[in-house]
1. Do you know which of the residues in region 49-68 that are assigned to a helix (DSSP H, G or I) and touching a residue at least 12 places away in the same chain (Cβ under 8 Å) is surrounded by the most Cβ atoms within 10 Å (Cβ to Cβ)?
2. Is it the case, given these coordinates, that residue 19 is assigned to a helix (DSSP H, G or I) and either surrounded by fewer than 16 Cβ atoms within 10 Å (Cβ to Cβ) or basic (Lys, Arg) (or both)?
3. Given the conditions (1) over 14 Å from residue 8 (Cα atoms); (2) under 10 Å from the mean Cα position of the chain (by Cα), which single one is not true for residue 43?
4. Any idea which of 80, 51, 24 is of a type in the set (D, E, K, R) and at positive phi?
Amino acid sequence: MNILWTALLGLASGFVAKLIYPGKERMGILMTMLLGIGGSFVATYGGQWLKIYGPDQNARFIGSVVGAFVILAVYGFFKKRQAG
């Protein structure tokens, strides 16, 4: 159930991260969903690794948005670097 909750939370956090990220990223809805799910997993398991969350805890919504924002920033950096 933890993985399912992490994925569902990631769907919403991907949309929020795209809304607050400066600039325009051209991503479809599928890419946005994957961004949010990845951010949620990064926040959950990164937080567990950093001892912010316990082994049975998931990242909450704000943590998932931060994780998605980090992935979006890294994606933008590499995309920008590849183009120019």
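1. Residues of region 49-68 that are assigned to a helix (DSSP H, G or I), as a first pass: 49, 61-68.
Imposing the further condition that a residue be touching a residue at least 12 places away in the same chain (Cβ under 8 Å) reduces the set to 61, 63-68.
Values: 61: 14, 63: 21, 64: 29, 65: 25, 66: 18, 67: 28, 68: 31.
Step by step, filter region 49-68, then rank; the result is 68.
2. On the way: assigned to a helix (DSSP H, G or I): yes; either surrounded by fewer than 16 Cβ atoms within 10 Å (Cβ to Cβ) or basic (Lys, Arg) (or both): yes.
When the stated conditions are applied, residue 19 passes them.
3. (1)
4. Details: 80 fails: at positive phi; 24 fails: at positive phi.
When all the criteria are applied, what remains is 51.
Only the coordinates and a few stated rules stand behind these numbers; no lab work does. In this text the structure is predicted, and so the values were computed from the model without any measurement. Don't worry about glycine lacking a Cβ; one is built from the backbone with ideal geometry, like all the others, and counts go over all protein chains shown.
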